[in-house]
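Worksheet for the structure shown next.
The values are calculated or read from the model by the stated rules, or taken from the named source; none is laboratory data. As the structure is a prediction and not an experimental result, all values here were calculated from the model. Here the Cβ positions follow ideal geometry from the backbone for every residue, glycine too, while neighbour counts run over all protein chains shown. Each accessible area value is taken on the protein alone, full model and side chains, heavy atoms only, with ligands, DNA and RNA left out. Shrake-Rupley method; radii C 1.70, N 1.55, O 1.52, S 1.80 Å.
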Amino acid sequence: QVSLVESGGGLVQAGDSLTLSCEVRGRTFRTYAMGWFRRAPGKEREVVATISWNRRSTYYADSVKGRFTISRDDAGTNLYLQMGSLKPEDTADYYCAADKDPSTTTIYNVGVWGRGTQVTVSS
């Protein structure tokens, strides 16, 4: 069974850094775009960052540009999100996802979701 398992969330203070990890189990997504999404309390889920299958293209939401960095390993079994200069508005549940179709530069349709990891940033 295919699953995405996030880890690394927690409670931090504003200005701190945190790195989220996403482990792929059951298969590899080496040829699929992957990304991170988040849902803040009372808000819709939004895309945070995506990375193409070949790591040549990345996308960042304006709210995290310059502070967050997405990366992935060659095998397509681990995805990361380095978060710096965290702000209280970054507080959310963060989800890992993989595209439904291979060889894309970003996520157009999510094929698999992780269950999420919670990040809380105190002021």
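The figures follow:
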quantity	calculated
Selected residue [more than 23 Å from Ser122 (Cβ to Cβ) and touching a residue at least 24 places away in the same chain (Cβ under 8 Å)] from Thr58, Thr50	Thr50
Residue match in the stretch 94-109 (condition: surrounded by fewer than 21 Cβ atoms within 10 Å (Cβ to Cβ), β-branched (Val, Ile, Thr), touching a residue at least 24 places away in the same chain (Cβ under 8 Å) and within 24 Å of Ser17 (Cα to Cα))	no
Breaking point among (1) part of a strand (DSSP E or B); (2) surrounded by fewer than 15 Cβ atoms within 10 Å (Cβ to Cβ); (3) among the hydroxyl-bearing types (Ser, Thr, Tyr), for Ser63	(1)
Selection count where residues are touching a strand residue (DSSP E or B) at 6+ places or on another chain (Cβ under 7 Å) and either of a type outside the set (Gly, Ala, Ser) or under 17 Å from Tyr94 (Cα atoms) (or both), scope the stretch 15-32	12
Selection count where residues are assigned to a loop (DSSP other than H, G, I, E, B), aliphatic (A, V, I, L, M) and surrounded by fewer than 13 Cβ atoms within 10 Å (Cβ to Cβ), scope the stretch 1-50	1
Residue tally, condition in contact with a strand residue (DSSP E or B) (Cβ under 8 Å, 6 or more places away or on another chain), part of a loop (DSSP other than H, G, I, E, B) and open to solvent by 80 Å² or more (accessible area, probe 1.4 Å), over the stretch 67-86	0
